[in-house]
Amino acid sequence: MQRWFASLSCLLMLSATVYGAEPQPKVLFIGIDGCRWDAVEAAQTPNINALTEQGWLAVGTSILAPHETKGDTVSGPGWSNLLCGVWPDKHGVLDNSFRGANYTDYPHYFARIKAARPELLTASFTDWDPLKDKILSAADYAVDLPAHGAADYAKKDAELATECADYIRTKPVDAVMLYFGQVDETGHAKGFHPKVPEYVAAIERVDGLIGQVREAIAARPNIQNENWLILIGTDHGGVGTNHGGGRQIPEIHRTFMIVSGPAAIKSRTEEDSYQVDIIATALAHLGITPDPSWKLDGQPRGLKPKPAAQ
Ligand SMILES: [Zn+2]
């Protein structure tokens, strides 16, 4: 009788292990080019608000390394910091010429995912060409819709969101990058400022597109067994109609990051964080421990501590 009871207990424990398996971690990184946080606060952004309420919001995210790297406050270095997880003294990109880029030693983080977990499915949706042409590597699926000017970026951003939402709704994807260019383009045309109606309106349109993608995640057939982390970041802010040469201007070099989902801590912080932290956070959520040879500069931020392994 005792032996029968022991066997039954073992069976129940085994069932609990199978059916109580950890939900599968998934990551969506949404990049909004040239987005000032004070303008997000001035805008009507129900989707970004919902994400910050369900997660960690940092409003002291620096686009500059704590050490001197000579990277300009423009998109090339910014997106390289964000997507490769290292500073310009490693990835080599100091401006939008991409001269000196070393994406061989410091590749896009999809390459890190593939090195650690080749079975994970990655997808990228962008409309600023250099993201796909220069930085992206190892994506299983990539959509790039080249855009020119604020109105065209608004149109292409909307098409990207639709494509991204369709992909997320139907494919067993694990890591997604979705980029929006219209906020930066509108800033260059009309001004980067919370009192510029066109700039704020661009942020509101992007918020609506984020809503489409959130709905797609919620509609995934196996969503109850998945653990999505949504990250939002930007490459720089802006002042007037520009942002280059802004290493001394907080409205340009001090930005924000959002880490949202069941795995995230719920809080808002002004403490220092860095662009390179976003990819460190994505990898940590996916359960990937960076190899020391990758020499990543960031730290995971805003995640709840994982329970210790038994
Ligand atoms: Zn930019």
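The values are calculated or read from the model by the stated rules, or taken from the named source; none is laboratory data. These numbers come from a predicted model, not from an experiment. Cβ coordinates were reconstructed from backbone atoms using ideal geometry, including for glycine residues, and neighbour counts include every protein chain displayed. Accessible surface is based on the protein model in full, side chains and every heavy atom, while ligands, DNA and RNA are left aside. Shrake-Rupley method; radii C 1.70, N 1.55, O 1.52, S 1.80 Å.
Miscellaneous remarks
- Every residue from segment 68-88 that is at negative phi, in a loop (DSSP other than H, G, I, E, B) and either within 15 Å of the ligand (Cβ to nearest atom) or modelled with pLDDT of 95 or more (or both): G71, D72, T73, V74, V86, W87
- Residue within segment 100-111 that is under 16 Å from P77 (Cβ atoms) and free of Cβ contacts under 8 Å to residues at least 12 places away in the same chain present: yes
- Per-region count, segment 229-247, residues assigned to a strand (DSSP E or B) and either away from the ligand (no atom under 15 Å from the Cβ) or exposed (fewer than 15 other Cβ atoms within 10 Å of the Cβ) (or both): 3
To keep it simple, each residue is scored yes or no on (1) buried (at least 24 other Cβ atoms within 10 Å of the Cβ); (2) in contact with a helix residue (DSSP H, G or I) (Cβ under 7 Å, 6 or more places away or on another chain).
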{"site": "E198", "(1), (2)": "no, yes"}
{"site": "A218", "(1), (2)": "no, no"}
{"site": "I249", "(1), (2)": "no, no"}
{"site": "I252", "(1), (2)": "yes, no"}
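- Residue in segment 208-222 that is within 16 Å of the ligand (Cβ to nearest atom) and either touching a residue at least 24 places away in the same chain (Cβ under 8 Å) or among the hydroxyl-bearing types (S, T, Y) (or both) present: no
- Taken as a whole, the condition of being out of contact with any Asp or Glu (no Cβ under 9 Å at 6 or more places or on another chain) and free of Cβ contacts under 8 Å to residues at least 24 places away in the same chain does not apply to A264.
- If you go through segment 84-105 and keep only what is open to solvent by 40 Å² or more (accessible area, probe 1.4 Å) and of a type in the set (V, I, T), you end up with just T104.
- R301 being on the phi < 0 side of the Ramachandran plot and part of a loop (DSSP other than H, G, I, E, B): yes
- Considering A165, A139, A151, the condition of being open to solvent by less than 40 Å² (accessible area, probe 1.4 Å), at pLDDT 95 or above and farther than 26 Å from T104 by Cα is satisfied by A165 alone.
- Residue check for G181: within 14 Å of the ligand (Cβ to nearest atom), closer than 15 Å to T52 by Cα and at pLDDT 95 or above: no
- Meets criteria (surrounded by fewer than 24 Cβ atoms within 10 Å (Cβ to Cβ), more than 30 Å from A151 (Cβ to Cβ) and within 16 Å of the ligand (Cβ to nearest atom)) for L121: no
- Picking from residues in segment 89-108 that are closer than 24 Å to V183 by Cα and touching a Gly at 6+ places or on another chain (Cβ under 8 Å), the one that is nearest to the ligand (Cβ to nearest atom) is N96.
- In segment 37-61, the residues that are open to solvent by less than 20 Å² (accessible area, probe 1.4 Å) and within 16 Å of the ligand (Cβ to nearest atom): A39, V40, T61
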